[in-house]
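Below: one structure, written as structure tokens.
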Amino acid sequence: MTQTEIDSPDAKRPGLTRRQIYEAQVRRRSMAIAAGSTAAVLLALVVLIPLAPGWEGVKKSFFNADVFARTFPGLLEAFLLDVAIFAWSAPLIFLLGLCIALCRDARSPALYPLRLFGTLYTDIFRGVPVILVIYLIGFGIPGLGLPRPWNSPYIWGTVALVLTYAAYVAEVLRSGIESIHHSQRAAAASLGLGHSDTMRFVILPQAIRRVVPANMNLFVALQKDVALLSFIGPVEIFRQAGVYKSLLANFTPYVGAALIFLAVTVPATRYADYLMNKQARARS
Amino acid sequence: MKLTMTSSLALLMSAGMALAGGHCAAGKTLNDDVLTIATGNPAYYPWVMDDAPESKAGFEAAVAYAVANRMGFEDAQVAWVRSSFDQAIQPGAKDFDFNLQQFSITPEREEIVDFSAPYYSAAMAVVTRQPVVDGGAEATLASLKGLLWGAHASTTAVPMLAEIVQPDRDPLLYGDNADVVEAMKANQIDAALMDLPTALFTAAVLMDDGVVLGQFPPERSENPDQFGLLMEEGNPLKECVDAAIADLAADGTLAAIEAEWLAEATGVPVID
Amino acid sequence: MATLDLKGVTKSFGRNTVCSGIDLTVGDGEMVCLIGASGSGKSTLLRCMNLLEPIDDGVILLDGVDISVPGLDPQPVRQRIGIVFQSFNLFPHMTAVENAMLAPRRVHKLTREALLPEITHLFERFGLADRMDHYPDQLSGGQQQRVAIVRALAMKPEIMLFDEITSALDPELVGEVLDVLRHLRRAGMTMVLATHEMGFARELADKVCFLDKGVILEEGPPEKLFTDPKEDRTRAFLARVL
């Protein structure tokens with residue numbers, strides 16, 4: 001705490017050192033260059049793109065204000081379904097991912113089948129495209145003859161997402177578990193704590209905290225992949241945009257959908273990056 | 001027999017017109033002296049048989065050649081390309097002169113692309129499974145409202161469902177007809193709305209226990225579902241195509257092609 | 001109270017023999033100091049004593065009972081023999097008091113409320129009363145090491161092992177940790193220390209053992225070993241560190 005106060009330039013404002021004056025100059029110059037080049041690029045985009053011969057057509061098909069205004073509220077409503085699917089999938093993914101990670105960490109020989117299962121599981125579900133898993137599980141399992149409501153595409157689509165993303169989360173958690181220094185296990189063991197207590201109270205709380213940024217990135221990807229559930233029926237934002245597209249023969253609804261996704265995913269990604277930088281600073 | 005004779009006669013007449021030269025389409029096609037026609041990938045029964053439009057078999061394949069002939073093109077001057085729905089409506093130059101794959105004409109679509117005069121008025125039909133019928137589903141609006149609905153997302157079945165059937169629960173929508181069928185097999189939806197010829201094919205061929213429960217005939221509907229040839233916006237060919245279709249309709253050729261390829265459509269109960 | 005007897009204890013890591021045939025007796029209430037250069041096997045020997053490392057050969061007797069039987073559950077033994085590490089190894093996500101309470105809560109199934117008076121007393125005894133709710137990274141090295149000692153004592157061990165617990169500390173913080181050890185010594189705790197603090201060993205130890213290349217080369221009471229070592233290598237080592 002005290003260290004920062006001493007280092008902060010504000011504390012020495014009246015008499016800046018030579019280095020501080022020099023660094024302020026460099027900073028001002030690089031900011032001017034960055035602002036200038038950004039402005040130049042933007043200007044080029046704004047001026048040059050409309051000069052392209054097909055611009056009028058593209059504008060009408062992709063950036064149509066009327067279509068945007070007509071479809072945006074419907075898209076926003078459909079996005080609530082994406083948010084809902086995300087909201088109930090995310091905790092399930094975390095729990096299953098945690099179980100798989102613990103399976104893979106199992107050390108006793110009696111638990112070898114668990115470890116093998118964990119390894120196979122992560123290999124398979126990280127190796128198959130999400131959309132295939134959604135198709136196979138979303139149509140395949142209800143096709144076995146389950147009664148309603150247990151054959152709902154919402155249930156089995158969620159299962160497909162959970163199975164796939166849990167494999168990724170499990171790997172992230174496992175890397176977190178392995179990143180905890182073995183001296184922590186030794187300290188817990190020396191106090192007489194058993195393997196499961198050590199995992200639960202000593203290793204996992206640290207490991208989970210350490211991989212929060214990596215998991216946040218996964219969950220940003222999940223929020224986007226929720227749209228894949230539309231392939232098996234649910235009318236979420238991507239499907240709703242597709243309906244508008246075919247009714248109006250216009251791609252603007254897709255642009256609207258993209259904007260809605262960005263409004264959610266950009267802040268989440270920025271936050272994850274911020275956490276990651278913070279952690280990197282804390283460790284150095 | 002008589003029908004076949006009429007259509008042959010019509011083909012002969014159109015060939016005669018082409019020989020007269022100086023026809024309407026001259027210089028307006030993508031490539032000189034070739035009429036490039038697009039259809040779906042794949043193209044489905046009964047619109048195109050065996051996914052081979054150049055065989056002239058299937059309703060849309062037959063219509064395409066009839067229109068081409070009437071515009072003055074020999075069969076050999078017809079070239080086929082494939083396109084998806086999205087490719088058909090995306091901005092920029094098209095790689096076809098016209099595109100037919102059951103495109104319904106709507107005012108909104110007309111703002112982006114051009115449609116010819118309609119070549120077919122489609123009835124919309126309800127496909128379901130025998131267990132649903134056994135469960136009490138009937139060809140009445142009241143009964144249909146209670147069903148769990150599905151549809152192909154980029155067809156006009158979607159707005160028709162909302163306007164005519166107004167189901168109690170939100171319908172589930174799919175990327176193509178095969179997925180609609182898959183969802184029906186998995187009992188995730190009770191019924192699907194699609195154009196009548198597709199419905200007949202779906203129920204008879206793609207499903208084991210499929211039933212066409214009923215149809216909404218085009219003439220009963222306020223905005224009947226009409227198929228048109230899709231063209232690039234402002235395509236000068238449009239007047240030639242429209243003239244050819246008007247001609248084909250007036251002399252009964254269209255009706256003859258429809259009777260040949262879409263004849264089974266009769267006998268499906270009409271929904272009140 | 002307890003005694004610890006090591007007979008012929010041997011431990012290797014791969015082809016590298018770290019302890020070879022070590023005999024050592026720690027009597028009840030005794031304080032034994034292990035001295036020797038880095039890599040002489042002091043730390044490994046301590047880790048063997050509370051079964052953090054399984055030994056390859058020999059026996060370890062706790063109150064006359066063999067605790068080095070292969071396959072024996074090490075947990076009950078570790079509850080009776082506490083260890084404090086050079087690098088503290090506090091749990092960074094827990095406050096000082098949570099660090100101290102975790103093992104008694106989980107192993108002895110005691111509630112926080114039941115433990116609090118006793119644990120508070122330990123913190124007070126070692127001058128940490130106002131640091132109980134601090135996280136490890138808010139404490140100085142000396143404070144962290146004292147918390148680590150409290151954490152080990154909270155399990156009420158009969159024997160305490162200290163593995164060079166002042167080596168990672170800034171010199172001005174060493175004293176406060178050694179004071180804790182003096183305190184424990186007065187209270188009659190049985191202790192084994194691996195240490196470089198020769199002055200401290202000389203002042204308080206009952207017995208000093210000089211380890212060299214995995215064997216106890218020489219042992220005896222501090223006044224004898226420090227003033228009149230028999231072995232050349234002991235003499236050379238002491239000449240370097242004193």
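The values are calculated or read from the model by the stated rules, or taken from the named source; none is laboratory data. Values in this document were obtained by computation on a predicted structure and should not be read as measured data. We place every Cβ from the backbone using ideal geometry, glycine too, and count neighbours over all the protein chains shown. Ligands, DNA and RNA are stripped out before the accessible areas are found, and what is left, the full protein with its side chains, is counted by its heavy atoms. Shrake-Rupley method; radii C 1.70, N 1.55, O 1.52, S 1.80 Å.
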**Item:** Selected residue (criterion: nearest to the other protein chains (Cβ to nearest Cβ)) from residues of the stretch B:51-100 that are crowded, with 24+ Cβ neighbours inside 10 Å and among the polar types (S, T, N, Q)
**Value:** B:99
**Message:** Need the failing condition index for residue B:169 against (1) at pLDDT below 90; (2) of a type in the set (D, E, K, R); (3) more than 16 Å from the chain's Cα centre (by Cα), just the number.
**Reply:** (1)
**Asked** When you look at residue A:116, is it out of contact with any strand residue (DSSP E or B) (no Cβ under 9 Å at 6 or more places or on another chain), surrounded by 14 or more Cβ atoms within 10 Å (Cβ to Cβ) and in a helix (DSSP H, G or I), yes or no?
**Response** no
**Message:** Which count do you get for residues in the stretch A:199-224 that are within 22 Å of residue A:136 (Cα to Cα) and touching a Ser or Thr at 6+ places or on another chain (Cβ under 8 Å)?
**Reply:** 3
**Prompt:** In the stretch B:132-159, how many residues are within 11 Å of chain A (Cβ to nearest Cβ), assigned to a helix (DSSP H, G or I), touching an Asp or Glu at 6+ places or on another chain (Cβ under 9 Å) and open to solvent by 20 Å² or more (accessible area, probe 1.4 Å)?
**Reply:** 0
**Request:** Looking at (1) out of contact with any strand residue (DSSP E or B) (no Cβ under 7 Å at 6 or more places or on another chain); (2) more than 14 Å from chain A (Cβ to nearest Cβ); (3) open to solvent by less than 10 Å² (accessible area, probe 1.4 Å), find the lone condition where residue C:240 falls short.
**Result:** (3)
**Request:** Using the structure shown, decide if residue A:188 is touching a Ser or Thr at 6+ places or on another chain (Cβ under 9 Å) and either within 30 Å of residue C:84 (Cα to Cα) or modelled with pLDDT of 90 or more (or both).
**Result:** yes
**Request:** Would you be able to tell me the number of residues in the stretch C:156-168 that are crowded, with 21+ Cβ neighbours inside 10 Å and either without any contact (Cβ under 8 Å) to a residue 60 or more places away in the chain or more than 14 Å from the chain's Cα centre (by Cα) (or both)?
**Result:** 1
**Prompt:** Mind checking whether some residue in the stretch C:169-192 is closer than 15 Å to residue C:241 by Cα and open to solvent by 20 Å² or more (accessible area, probe 1.4 Å)?
**Reply:** no
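Against the condition surrounded by 13 or more Cβ atoms within 10 Å (Cβ to Cβ), out of contact with any strand residue (DSSP E or B) (no Cβ under 7 Å at 6 or more places or on another chain) and part of a helix (DSSP H, G or I), how does residue A:32 come out, does it pass? Steps first, answer last, please.
Values: surrounded by 13 or more Cβ atoms within 10 Å (Cβ to Cβ): no; out of contact with any strand residue (DSSP E or B) (no Cβ under 7 Å at 6 or more places or on another chain): yes; part of a helix (DSSP H, G or I): yes.
No; evaluated as a whole, the condition is false for this residue.
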**Request:** Read through the list (1) surrounded by 15 or more Cβ atoms within 10 Å (Cβ to Cβ); (2) assigned to a helix (DSSP H, G or I); (3) within 14 Å of chain A (Cβ to nearest Cβ), then give the number of the only condition that residue B:201 fails.
**Result:** (3)
**Selection status of residue B:46, open to solvent by less than 20 Å² (accessible area, probe 1.4 Å) and either within 16 Å of residue B:116 (Cβ to Cβ) or at pLDDT 90 or above (or both)** = no
**Fill in**
Taking the stretch B:164-185 and keeping residues more than 12 Å from chain A (Cβ to nearest Cβ) and closer than 18 Å to residue B:215 by Cβ leaves B:164, B:165, B:166, B:167, B:177
**Item:** Any strands (runs of 3 or more DSSP E) falling wholly within the stretch B:14-128 and containing at least 2 residues that are in contact (Cβ under 8 Å) with a residue 24 or more places away in the chain and more than 30 Å from residue B:184 (Cβ to Cβ)
**Value:** B:35-39, B:78-82, B:113-115
**Asked** Taking the stated definitions as given, is residue B:122 open to solvent by 30 Å² or more (accessible area, probe 1.4 Å) and either within 10 Å of chain A (Cβ to nearest Cβ) or aliphatic (A, V, I, L, M) (or both)?
**Response** no
**Asked** Does the stretch A:47-60 contain at least one residue that is open to solvent by 100 Å² or more (accessible area, probe 1.4 Å) and under 18 Å from residue B:108 (Cα atoms)?
**Response** yes
